[in-house]
Structures are given as C-alpha cells and as structure tokens.
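Novice: Before we start, here is the structure in question, set down as structure tokens.
The values are calculated or read from the model by the stated rules, or taken from the named source; none is laboratory data. It should be emphasised that the depicted structure is a prediction, and the values quoted were computed from it without experimental measurement. When we count neighbours, we look across all protein chains shown, and the Cβ atoms used for this are built from the backbone with ideal geometry, even at glycine. Side chains are part of the model used for accessible areas, which takes the heavy atoms of the whole protein and leaves out ligands, DNA and RNA. Shrake-Rupley method; radii C 1.70, N 1.55, O 1.52, S 1.80 Å.
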Amino acid sequence: MFFVLSGFLIGGLLLDIVEHGPTFENLAIFLCRRWLRTLPLYFLWLALLFVFRPPASMLYWHLIHYVTLTQNLLHGMPPGDFFAVSWSLTVEEWFYLLFAAAAVLGVAVTGRRAAIWLPTLLMLTVPMFLRWRVPDSVDMLNGLEEVVVFKLDSIALGVGLAILLRRRTVPVYWAVVLLAMGIGLIAFVWSGHLAVSAHVFRTIVMSTIAFGWMLCVPAALCWRAYGGLGGDLVRAVSRYSYGLYITHYTVLETVHLYLPMALAIVVGITAPFALAWLSWRFLEAPILARRPRHSW
C-alpha cells in the first residue's frame, strides 16, 4: 500500500515535469526536493545508530552500503536487523532516481508525453522477470522480498494509475466497485487459498497485492473530494509519519531490551511520536521550507 500510494503521489509530480518542462534542470530540482525530504533524517539517525547501536560485525561494510543506500539493492538486508526499516526507503530512492531520469530523458528526446509509459512498463515488467529467474530453491519470503530490484513494480503501479487518472475523475459508483474488487483481491491472496507454484507466486502474486491496493486509490480520492471525514487527524499523523517510520523500530528494540514490559509498552508508543515531533519541528520543516522550487 505504501509503495502504490507513493508512486501515485510522486508520479503526479513527475507528470508536472513532463508537461511543463522535461529538462535536466527540472529533473535536478525534483531529485533535490526528494532527497532533502528523505535523506537528512535518514543520515542523522544512521549516524546515531553507528555511535550508540553499531552493527555487531562488518562495520565498514555496513557504513559503505548504508551511506550509499545499497544495503538491499541486489541482495537481502544484512543479518542482525541493523536499521532494518530502511529497506523500503532504498526501494523508493532508487526508483525515483532511475524512473525520473528515464522519464524525463524519454520525453525530452521524443517530444511526446506518452513516452513516460516506456519507463513505467519497464519498471512493471523487469522486476517480475527478475523474480521469475530466481531458482525455486530460494525462499522469496525470507528477505528477498525486500530487494530493491524485486520491488520496483509496486511503485510503478502507482505511477501508472497517476498517468491514467491525470485530469480524469472516477465516478463514485465505479470507485466503490474498484474498492470492493481491490479488497477482495487482497483478502483472497492473504487467505492462503491461492494454490499456485512458488514460481508463479513470486513472479505474479507478489504484484497482485500491490495491484489490489492500486484499485483502492480511486475510492480514497472520492473520500477526499467529498470532505474526507477524519482528514484533520490523517493530516496530523501524516506530518510526523516519516519521523515515526525512521525511529520507531529502534525505539521498540531498545525498550524491549532494557525496560520492564509495562513500561516498555508506554515508552514504545510515546517515544517515537516525541522523536517524530522533534524531527519535524527542528529538522524536516526547516529544510522543507528551503527546498528549491520549480519555475511554474
């Protein structure tokens, strides 16, 4: 769900570039804005982890790979659970670097906005082909589902939806139908009643759940268009969501090791929100206010 939603939202920003000016300058501004949103807190937390909770082994290997965001580019995350949540951030960063460059270059060379479909289709099909090439002896659910090159299609589904819905609205009736289909598809896959081979599962079914979430997005757009009940709460939590994402797992690991259970539950719930508020107030918001802007 996270990858599909991210692809849908950031895909809209890339469509703005395609329509207003597919230039190197606009590509550089887009990447700069994305990196200033995600990387400052990532590197700050990474530095704190190396100081206070360093990996048990291969210190320099971890340092090089985590700084370059290659800890799971072509293989699973390293053993030991060091900064384990960062696997999904690397999928995001590599997708937007590769996809944005290919999309802007394709549109600039051909002069046709429809050229954005080529990198979209590549991002949809190449990960499926790579998963199909994995031997049957390898357990895809034992860390390999976190490999960057195997997960790019989930974000591409969101981008594809953003292209299809550009300046289009889905009637409420059809949004509800798609929502029912998406939830039904996800529930069916999760139920375990899908009797397919391991080859088919890792090649197709791993994308099927993301496709189900993609079908749910039009209903979310209708919910927002018709007032968005609870929208204030959603926005309040969303503001601090990146800080929560970066910090929560380390906090939960730490309190589990050093605090009694009752206290660990209280601190484990409250401390990530406190850290996320501090991050937003003193790091993220000031940086966001100073990011470069596109000319339009």
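Novice: Give the stretch 60-98 a look and list any residue that's in contact with a Ser or Thr (Cβ under 7 Å, 6 or more places away or on another chain), in a helix (DSSP H, G or I) and hydrophobic (A, V, I, L, M, F, W, C), or say none.
Specialist: Result: 89, single match.
Novice: Take the conditions under 22 Å from the mean Cα position of the chain (by Cα), open to solvent by less than 40 Å² (accessible area, probe 1.4 Å) and of a type in the set (A, V, I, L, M, F, W, C) and apply them to residue 13. Does it pass? Don't jump to the end; show me each part of the working.
Specialist: On the way: under 22 Å from the mean Cα position of the chain (by Cα): yes; open to solvent by less than 40 Å² (accessible area, probe 1.4 Å): no; of a type in the set (A, V, I, L, M, F, W, C): yes.
Spelling it out, it is not the case that residue 13 is under 22 Å from the mean Cα position of the chain (by Cα), open to solvent by less than 40 Å² (accessible area, probe 1.4 Å) and of a type in the set (A, V, I, L, M, F, W, C).
Novice: Against the condition surrounded by fewer than 21 Cβ atoms within 10 Å (Cβ to Cβ) and closer than 20 Å to residue 163 by Cβ, how does residue 5 come out, does it pass?
Specialist: Working: surrounded by fewer than 21 Cβ atoms within 10 Å (Cβ to Cβ): yes; closer than 20 Å to residue 163 by Cβ: yes.
It is true that residue 5 is surrounded by fewer than 21 Cβ atoms within 10 Å (Cβ to Cβ) and closer than 20 Å to residue 163 by Cβ.
Novice: For the stretch 185-207, name all the residues that are of a type in the set (S, T, N, Q) and open to solvent by less than 30 Å² (accessible area, probe 1.4 Å). I'd like the intermediate steps shown before the answer.
Specialist: The first filter runs over the stretch 185-207 and keeps only residues of a type in the set (S, T, N, Q), leaving 191, 197, 203, 207.
Within the stretch 185-207, 203, 207 qualify.
Novice: Find the residue count for the stretch 243-266, including only residues that are without any contact (Cβ under 8 Å) to a residue 40 or more places away in the chain, buried (at least 17 other Cβ atoms within 10 Å of the Cβ) and among the β-branched types (Val, Ile, Thr).
Specialist: Counting residues in the stretch 243-266 that are without any contact (Cβ under 8 Å) to a residue 40 or more places away in the chain, buried (at least 17 other Cβ atoms within 10 Å of the Cβ) and among the β-branched types (Val, Ile, Thr) gives 2.
Novice: Moving on to the next point. Restricting to the stretch 164-179, what's the tally of residues that are touching a residue at least 12 places away in the same chain (Cβ under 8 Å), open to solvent by less than 100 Å² (accessible area, probe 1.4 Å) and under 16 Å from residue 216 (Cβ atoms)? Steps first, please.
Specialist: At the first step, the residues of the stretch 164-179 found to be touching a residue at least 12 places away in the same chain (Cβ under 8 Å) are 165-166, 169-170, 172, 174-176, 178-179.
Still in the running and open to solvent by less than 100 Å² (accessible area, probe 1.4 Å): 165-166, 170, 172, 175-176, 178-179.
Now drop any that are not under 16 Å from residue 216 (Cβ atoms), which leaves 165, 170, 172, 175-176, 178-179.
Total meeting the criteria: 7.
Novice: Quick check on my filter: what residues within the stretch 35-59 are surrounded by fewer than 17 Cβ atoms within 10 Å (Cβ to Cβ) and not in a helix (DSSP H, G or I)?
Specialist: Matches in the stretch 35-59: 53, 54, 56, 57, 58.
Novice: I've got another one for you. Give the stretch 115-129 a look and list any residue that's open to solvent by 60 Å² or more (accessible area, probe 1.4 Å) and not aromatic (Phe, Trp, Tyr), or say none. Step through it out loud before you land on a result.
Specialist: Narrowing the stretch 115-129 to residues open to solvent by 60 Å² or more (accessible area, probe 1.4 Å): 117-118, 121-122, 125-126, 129.
Of everything in the stretch 115-129, those that are open to solvent by 60 Å² or more (accessible area, probe 1.4 Å) and not aromatic (Phe, Trp, Tyr) turn out to be 118, 121, 122, 125, 126.
Novice: Which numbered condition in (1) without any contact (Cβ under 8 Å) to a residue 60 or more places away in the chain; (2) within 24 Å of residue 127 (Cβ to Cβ) is the only one that residue 214 fails?
Specialist: The failed condition is (1).
Novice: Note down all Cβ pairs under 7 Å where the first residue falls in the stretch 12-41 and is more than 13 Å from residue 295 (Cα to Cα) and in contact (Cβ under 8 Å) with a residue 24 or more places away in the chain, the second is part of a helix (DSSP H, G or I) and open to solvent by 30 Å² or more (accessible area, probe 1.4 Å), and they're at least six residues apart or on different chains.
Specialist: These pairs meet every condition: 18/113; 31/97; 36/287; 37/288; 40/283; 40/287; 41/283.
Novice: Among the candidates 182, 212, 160, 230, which residue alone is open to solvent by less than 70 Å² (accessible area, probe 1.4 Å) and closer than 30 Å to residue 277 by Cα?
Specialist: Working: 182 fails: closer than 30 Å to residue 277 by Cα; 212 fails: closer than 30 Å to residue 277 by Cα; 160 fails: closer than 30 Å to residue 277 by Cα.
Exactly one residue qualifies, and that residue is 230.
Novice: Now, a different point. With the requirement that a residue be within 21 Å of the chain's Cα centre (by Cα) and not small (Gly, Ala, Ser), what does the stretch 206-223 give you?
Specialist: Of the stretch 206-223, the ones within 21 Å of the chain's Cα centre (by Cα) are 206-221.
Within the stretch 206-223, 206, 208, 209, 211, 213, 214, 215, 216, 217, 218, 221 meet the criteria.
Novice: Scanning the stretch 130-157 for residues that are out of contact with any helix residue (DSSP H, G or I) (no Cβ under 7 Å at 6 or more places or on another chain) and closer than 24 Å to residue 85 by Cα, which turns out surrounded by the most Cβ atoms within 10 Å (Cβ to Cβ)?
Specialist: Result: 147.
Novice: I would also like to ask the following. Does residue 34 meet the test of being over 25 Å from residue 5 (Cβ atoms) and charged (D, E, K, R)? Give the steps one after another, and end with the answer.
Specialist: Values: over 25 Å from residue 5 (Cβ atoms): no; charged (D, E, K, R): yes.
So residue 34 fails the test.
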